[in-house]
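Below: the structure, in structure tokens.
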Amino acid sequence: MLSIEDNELLTRTHSGTPMGNLIRSYWVPALLSEEISAPDCPPVRVRLLGEELVAFRDTQGRIGLIGEHCAHRGTSLFFGRNEECGLRCVYHGWKYAVDGNVLETPAEPADSDFRKKLRHTAYPTHEANGIIYGYLGTREKMPLFPNYEWTQVPPEYAYVTKNLLECNYLQGLEGECDSSHLSFLHRAFTNERNQLLYKSDTSPDYETEDTDFGVRLIAIRDTDSQHYVRFSAFVMPVYGCVPAGRPTNELEGYEIHTYVPADDTHCWRYDIGFRRDRAVQDDEVHRRKQINPDYTRIRNARNNYLQDRQMQKTVTFTGIEDFLNHDACATESMGSIFDRSKEHLGVSDKAVIAVRKFLLTSVKELLKGNEPPHLVRDGERNWFPHIDCFAHMLPRNVPWRQHFDYLTSAAQKENPASYTARRKAAS
Ligand code: FES
Ligand SMILES: [Fe+2]
């Protein structure tokens, strides 16, 4: 459990809050590229960390992520005209550049230089493989954009979906760091190999280790003769990385599930996936079918996730369709912001506890003025092969640390070719 004070500390992310400042120290997903797909297309609203913003792509393709409300008298720039390299307010025609400069104030006298004294809220952006990331922190402390594997593969090797989760971000994030729910929440009553593995041992042993990027999470399940070892990762500040794809010895890529606060009672879940050596096939992104054009989910709390009680008896543990909705049901039904002083944690919550501790330590260190972990300032250390997430069958007498001895932060300095060779040899 957490004290009420620590729960508040971790769950409040508006401007000026400690956790809000911590998350603002990093680049975080702000919207999908497809939301502003072409120069001069309509702007979109972006709700992020309690801030009301709009995003637009100007005539030259540059991206603006700026305050929604016009600096003049507050009209929403969502209704604005995106034209000739700027976003123009519909009320009196003030026009904004992507960097927040006020380009024109046509209702003012022609010789007025009033606009030059103004600076509208505007945040830096970085676009990579379908996502526009934003940096909402102090400009002088802006880190490098991290070269995660999923941002570096060719665009057709990666996919991303986004949907609104109607609860605090931490509930979603903790779900990603909790391997034991796979034996229940996502169970299907089939003989598919993964399902049998999750069923064979419903109380996995957990190991966790703090790393340069966050926490590595290792869940170990016993089968008759082997260990089924599943590597996941919590990556600062709001990424849960999980194995995905084939049941065992999966080394061709993984999934990243991100929970970016929209405000304290809603967050954006981005599901990112990538393959290392081939294009993604459409049917691999099955959850697209679960999401409405406005990024809400078809199955949601108001329709009880369209739970089918007959299906629950015979087909799946929940009677609800798709992993995405299982997770949403489990985490949204805890309430908008769960009071963790009321919970009862067991041994199966070891990974959740480790992640909370990492976040609490980071936020408390930031309050003391110390820099948060995993801010990239050194171009040479800007690749993260050791985040790797996969599942593997190992003989019982072989410790995972011995077999996967390359899973250390030293990999950041290693030649990519030799690292890849070591990884393949262990698979
Ligand atoms: S409120 Fe936007 S120009 Fe007046
Ligand atoms: Fe899940």
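Here is a list of conditions, (1) over 21 Å from L2 (Cβ atoms); (2) within 16 Å of ligand 2 (Cβ to nearest atom); (3) polar (S, T, N, Q), and Q310 meets all of them except one; can you say which number that is?
(2)
Here are R62, R57, R24: which of them is in contact (Cβ under 8 Å) with a residue 40 or more places away in the chain and more than 16 Å from ligand 1 (Cβ to nearest atom)? So that I can check it myself, show each step before the final result.
Values: R62 fails: in contact (Cβ under 8 Å) with a residue 40 or more places away in the chain; R57 fails: in contact (Cβ under 8 Å) with a residue 40 or more places away in the chain.
That would be R24, the only listed residue that is in contact (Cβ under 8 Å) with a residue 40 or more places away in the chain and more than 16 Å from ligand 1 (Cβ to nearest atom).
Can you tell me which residue among D224, D210 is more than 16 Å from ligand 2 (Cβ to nearest atom), of a type in the set (D, E) and in contact with a strand residue (DSSP E or B) (Cβ under 9 Å, 6 or more places away or on another chain)?
Values: D224 fails: in contact with a strand residue (DSSP E or B) (Cβ under 9 Å, 6 or more places away or on another chain).
The match here is D210.
Applying the selection to the stretch 65-95, what residues are touching a Gly at 6+ places or on another chain (Cβ under 7 Å), of a type in the set (A, V, I, L, M, F, W, C) and either in contact (Cβ under 8 Å) with a residue 60 or more places away in the chain or within 11 Å of ligand 1 (Cβ to nearest atom) (or both)?
Residues satisfying the conditions are L65, L87, C89, V90.
Name the single residue, out of those in the stretch 96-140 being hydroxyl-bearing (S, T, Y) and loosely packed, with under 13 Cβ neighbours inside 10 Å, that is nearest to ligand 1 (Cβ to nearest atom). Write out each step before concluding.
At the first step, the residues of the stretch 96-140 found to be hydroxyl-bearing (S, T, Y) are 96, 105, 112, 121, 123, 125, 133, 135, 138.
If we keep only those that are loosely packed, with under 13 Cβ neighbours inside 10 Å too, we end up with 112, 138.
Values: S112: 14, T138: 27 Å.
So the residue we want is S112.
Can you find even one residue in the stretch 261-275 that is at pLDDT 95 or above, of a type in the set (S, T, N, Q) and on the phi < 0 side of the Ramachandran plot?
Yes, the conditions are met somewhere in the stretch 261-275.
Taking the stretch 244-256, which residues are surrounded by 23 or more Cβ atoms within 10 Å (Cβ to Cβ) and either closer than 15 Å to L407 by Cβ or modelled with pLDDT of 90 or more (or both)?
Once the filter is applied, which keeps residues that are surrounded by 23 or more Cβ atoms within 10 Å (Cβ to Cβ) and either closer than 15 Å to L407 by Cβ or modelled with pLDDT of 90 or more (or both), the stretch 244-256 yields Y254, I256.
Give me the pairs, please: first residue somewhere in the stretch 354-376 and polar (S, T, N, Q), second residue anywhere and outside any loop (DSSP other than H, G, I, E, B), beta-carbon distance under 7 Å, and either six or more positions apart or on two chains.
Pairs found: S362/L22.
State which residue is surrounded by the most Cβ atoms within 10 Å (Cβ to Cβ) when the search covers only the stretch 207-235 and only residues that are in contact with an Asp or Glu (Cβ under 9 Å, 6 or more places away or on another chain) and either on the phi > 0 side of the Ramachandran plot or aromatic (F, W, Y) (or both).
Out of the qualifying residues, it is F234.
Which residues, taken from the stretch 374-400, are over 20 Å from V242 (Cβ atoms) and part of a helix (DSSP H, G or I)?
If the condition is that a residue be over 20 Å from V242 (Cβ atoms) and part of a helix (DSSP H, G or I), then G379, E380, R381 are the ones that fit.
Tell me which residues, restricted to the stretch 8-20, are surrounded by fewer than 19 Cβ atoms within 10 Å (Cβ to Cβ) and in a helix (DSSP H, G or I).
E8, P18
Would you mind telling me which numbered condition in (1) under 16 Å from A233 (Cβ atoms); (2) at pLDDT below 90 S183 fails?
S183 satisfies every listed condition except (1).
Restricting the first residue to the stretch 173-186 and requiring it to be free of Cβ contacts under 8 Å to residues at least 24 places away in the same chain and within 16 Å of ligand 1 (Cβ to nearest atom), which pairs with a second residue that is of a type in the set (D, E) and assigned to a helix (DSSP H, G or I) meet a Cβ separation below 8 Å and a spacing of at least six or different chains?
Once the first residue is free of Cβ contacts under 8 Å to residues at least 24 places away in the same chain and within 16 Å of ligand 1 (Cβ to nearest atom) and sits in the stretch 173-186, no partner that is of a type in the set (D, E) and assigned to a helix (DSSP H, G or I) comes close enough.
The values are calculated or read from the model by the stated rules, or taken from the named source; none is laboratory data. Quick caveat: nothing in here was measured; it's all calculated off a predicted structure. All Cβ positions, glycine included, derive from the backbone under ideal geometry; neighbour counts span all protein chains shown.
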